[in-house]
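Here, each number is a calculation from the coordinates, and none is a lab measurement. Bear in mind the structure is a predicted one, so any value in this text is a computation, not a measurement. Heads up, the Cβs are rebuilt from the backbone with ideal geometry, glycines too, and the neighbour counts pull from every protein chain shown.
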Amino acid sequence: MDIIGAQLVNSISYGLLLFVITCGLSLVFGISGVLNLAHGSLYMIGAYVSYSITVHSGQNFWLALIIAPLAVAVCSLIIEMILLRPTYQLGHLSQVLLTFGLAYVIHDMTAAIWGSDVLSIPLPQSLSGTVTLFNQAFPVYRLAVIAIGLILAGLLWFIQEKTRWGAIIRAGLSDKEMICALGVNIQLVFTVVFFIGGYLAGFGGVIAAPILGLYPSMEFQTLILALVVLVIGGLGSIAGTFVASLTIGIVETFCRFLVPELSLFVVFGLMAVVLIVKPNGLLGRQVVKH
């Protein structure tokens with residue numbers, strides 16, 4: 001039982017880390033309909049920028065946590081305003097091709113700047129200890145990730161469900177033409193959501209770096225899991241993304257513990273089952289079509 005409890009804590013930590021990484025992609029896709037395949041690259045930029053900041057600031061993790069997400073949010077803003085905005089009238093295929101190509105450009109630029117070696121960021125000194133749970137020593141940092149994920153999930157749910165901006169986002173998902181007719185500047189909404197999505201991707205990159213490390217192609221591995229979470233959770237649903245992230249975290253962690261060679265097979269099998277049984281995802285909203 002102690003081993004099961006320990007794996008459960010690990011799976012919750014991993015699942016909430018997935019939520020932090022994926023929720024920005026869910027917001028962007030939910031309101032603008034743009035499947036940003038460069039989201040994993042934004043996550044990677046956040047991790048590498050935080051590495052550079054910690055190296056040049058005397059291992060100051062907290063400074064990296066402040067600066068790196070903002071830098072990634074600015075990059076996301078530039079991508080939306082300069083590259084994606086002209087494609088809004090061209091359909092989803094052009095956006096997918098553009099962001100996928102951009103992901104490869106960022107991949108090569110990252111390799112040119114930081115190299116292809118595996119890098120790591122040390123844990124912040126204040127969170128470097130361990131606590132005993134289920135007769136196992138758990139890093140305090142992993143428990144802090146759980147707390148961060150829960151706080152972020154609650155904050156995003158409150159904004160989406162209880163605020164005017166959240167109402168605009170929900171309405172934009174259902175009927176963009178109607179909220180434009182009501183005088184809402186939908187272009188401004190898109191831009192703000194892209195900024196927030198980029199910030200969350202960078203934030204996820206910073207807090208994931210001490211656990212998952214930095215390595216070549218990390219963005220594509222992260223993007224695959226983020227897309228699985230997005231499909232299972234449902235379009236534009238923070239609650240769905242939260243549930244799906246925890247589900248994937250638990251399933252993959254226990255599969256890697258019990259049958260490591262089948263972990264990805266089980267994850268993609270779960271996604272296939274959800275698509276068959278509930279194509280809109282666990283908590284996804286039906287998009288109005290005109």
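Overview of results
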item: Kyte-Doolittle mean at least 0.5 and Cα axial length at least 20 Å: DSSP H helices in the chain; result: 2-32, 39-56, 61-78, 92-114, 140-162, 186-212, 218-233, 238-258, 263-277
item: The chain, dipole about Cα centre (Lys/Arg Cβ +1, Asp/Glu Cβ -1), debye to the nearest 20; result: 620 debye
item: The range 1-55 shape via C-alpha gyration tensor axes, a/c threshold 1.5; result: oblate
item: FRET E, pair residue 108, residue 55, Förster distance 22 Å, beta-carbon r, rounded to 0.05; result: 0.50
item: Highest to lowest packing among 224-234, 148-158, 103-113, scored as the average C-beta count within 10 Å; result: 224-234, 148-158, 103-113
item: Distance between modelled label sites at residue 136 and residue 161, nm, 7 Å Cα→Cβ extension; result: 3.1 nm
item: Simple label model, 7 Å out from Cα along Cβ direction - residue 185 to residue 276, nm; result: 4.8 nm
item: Segments 48-56, 265-273 sorted - mean Cβ within 10 Å per residue, highest first; result: 48-56, 265-273
item: Mean ellipticity per residue at 222 nm, deg cm²/dmol - from DSSP H runs of n ≥ 4 across the chain, formula -39500 (n - 2.57); result: -24500 deg cm²/dmol
item: For the range 24-174: rounded, prolate or oblate by the Cα gyration tensor [a/c cutoff 1.5]; result: oblate
item: For residue 37, residues with placed amide H under 5 Å, excluding near neighbours; result: 99, 100
